[in-house]
Amino acid sequence: MLRRGGTSRGLNGVVDLLPSMLGARNARIHGCRVQGLDGEKRCFSSSAGGRSAENGNGGNAGGGERKEFRERRVPDGPFERAFAFGSLAAEIAVGAAGQMAKRSVGGPSAQGGSLLSQRAADKLAAELCRLRGAGLKIGQMLSIQDEKMMPTVVSDALARARANADVMPKAQLMQVLEEEWGNDWRSRVQHFDEAPFAAASIGQVHKAVTLCGQEVAVKVQFPGVSRSIDSDLGNLERLLKVADIVPAGLFVDKIIAFAKQELKAECDYEAEARNQTRFRRQFEGMPGVAVPEVVEELSTARVLTSTFAKGEAVDKTAHLPQEARDSIARRLLQLTLKELFEYRFMQTDPNWANFLYDPETDTLTLLDFGAAREYPKDFIDKYLHLVLAAA
């Protein structure tokens with residue numbers, strides 16, 4: 001028998017190979033009162049190990065100096081977004097024609113096999129940052145591919161897009177908050193920082209303080225991104241083909257099909273809140289690991305509020321002592337094994353900013369559960385057989 005008591009029988013043998021986890025203090029805060037959207041004040045408690053922070057898409061993102069973002073309005077109408085993609089495609093097509101002409105006479109051309117010039121690549125990165133949504137998400141996904149698979153001019157431009165998502169201006173931010181929290185939304189919190197501390201493809205994150213003094217991270221979805229996913233991805237696929245940006249071996253059609261499914265899930269903040277609560281229950285007793293608590297009274301379809309978690313992304317921890325880095329790696333491995341083989345429910349977004357490490361409390365905080373996915377028992381059983389056979 002592969003299973004015992006509803007979990008993978010072989011899991012204990014795999015996990016037992018890992019060293020013991022380092023302990024971490026978890027401070028519990030009781031009696032915090034938050035005014036709900038119905039006007040009633042309720043209590044909630046937080047058990048986050050540390051104080052708090054998201055990634056571009058999650059709920060916290062923390063530590064370090066505040067990043068300066070470029071503020072630009074999010075195009076939120078379907079015609080406006082389609083026109084932007086069409087204009088970008090036309091500009092890139094003109095540039096590509098120029099590159100082909102240069103090649104025909106033996107002149108200098110774009111780097112690698114792409115017909116994208118440096119100027120066009122810069123324009124692509126800037127427009128993806130301005131449009132945000134599905135286009136920026138695809139750019140971010142392509143930017144983490146093997147650098148040998150894409151021309152340098154393309155990979156550099158997409159890397160800039162990944163790191164420099166724009167934020168919406170105050171007017172759009174206020175509009176979303178009024179639609180989700182009501183016209184009197186400021187009465188729901190003690191303080192709201194209008195300058196975001198994180199931004200990504202579908203939303204930006206603000207720090208706030210509840211009426212009881214609890215620090216929280218408020219993720220606000222960009223207007224229009226959820227209803228423009230299909231059209232944005234269709235327009236982007238045509239743009240990529242015009243510019244000859246993506247090598248055939250990357251199967252961009254499959255990347256776009258996967259991104260469409262993932263983006264629709266990530267735009268559903270209510271589902272993400274349920275996923276986050278489920279993860280919090282699963283790992284509540286795991287030493288050195290924390291999941292921020294969802295503040296349900298301040299969470300809606302386009303706003304997700306969580307207790308704030310302090311820390312830095314795990315890819316920024318190279319300066320820590322070897323013992324600390326080993327401990328982080330052991331926890332990441334144990335989390336992977338538990339998510340996959342014990343709970344069969346996994347956070348599938350491979351973004352380093354979704355894992356924050358706080359050296360003061362030795363706590364690894366998990367963030368961003370929009371892409372969480374559940375796997376059937378039969379699939380996991382077969383996969384475990386494969387893992388054990390290769391062990």
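For residue 300, the conditions (1) part of a loop (DSSP other than H, G, I, E, B); (2) under 17 Å from the mean Cα position of the chain (by Cα) are fulfilled apart from (2).
Only residues that are out of contact with any strand residue (DSSP E or B) (no Cβ under 6 Å at 6 or more places or on another chain) and either crowded, with 22+ Cβ neighbours inside 10 Å or among the basic types (Lys, Arg) (or both) were counted in the range 182-196, giving 1. Being farther than 14 Å from residue 269 by Cα and surrounded by 15 or more Cβ atoms within 10 Å (Cβ to Cβ) is a description that applies to residue 313. Within the option set 347, 322, being within 15 Å of the chain's Cα centre (by Cα) and either closer than 15 Å to residue 272 by Cβ or at pLDDT 95 or above (or both) holds for one residue only, 347.
Can you find a residue that is part of a helix (DSSP H, G or I), small (Gly, Ala, Ser) and within 20 Å of residue 137 (Cα to Cα) anywhere in the range 272-290? There is no residue in the range 272-290 that is part of a helix (DSSP H, G or I), small (Gly, Ala, Ser) and within 20 Å of residue 137 (Cα to Cα). Can you find even one residue in the range 332-340 that is modelled with pLDDT under 90, hydrophobic (A, V, I, L, M, F, W, C) and surrounded by fewer than 21 Cβ atoms within 10 Å (Cβ to Cβ)? No, every residue in the range 332-340 fails to be modelled with pLDDT under 90, hydrophobic (A, V, I, L, M, F, W, C) and surrounded by fewer than 21 Cβ atoms within 10 Å (Cβ to Cβ).
Determine if the range 219-227 includes at least one residue that is in contact with an Asp or Glu (Cβ under 7 Å, 6 or more places away or on another chain) and closer than 22 Å to residue 311 by Cα. The answer is yes, given that some residue of the range 219-227 is in contact with an Asp or Glu (Cβ under 7 Å, 6 or more places away or on another chain) and closer than 22 Å to residue 311 by Cα.
The values are calculated or read from the model by the stated rules, or taken from the named source; none is laboratory data. Fair warning: this is a prediction, and the values are worked out from it, not measured in the lab. A quick note on method: Cβ atoms are made from the backbone with ideal geometry, for glycine too, and the neighbour counts reach across all protein chains shown.
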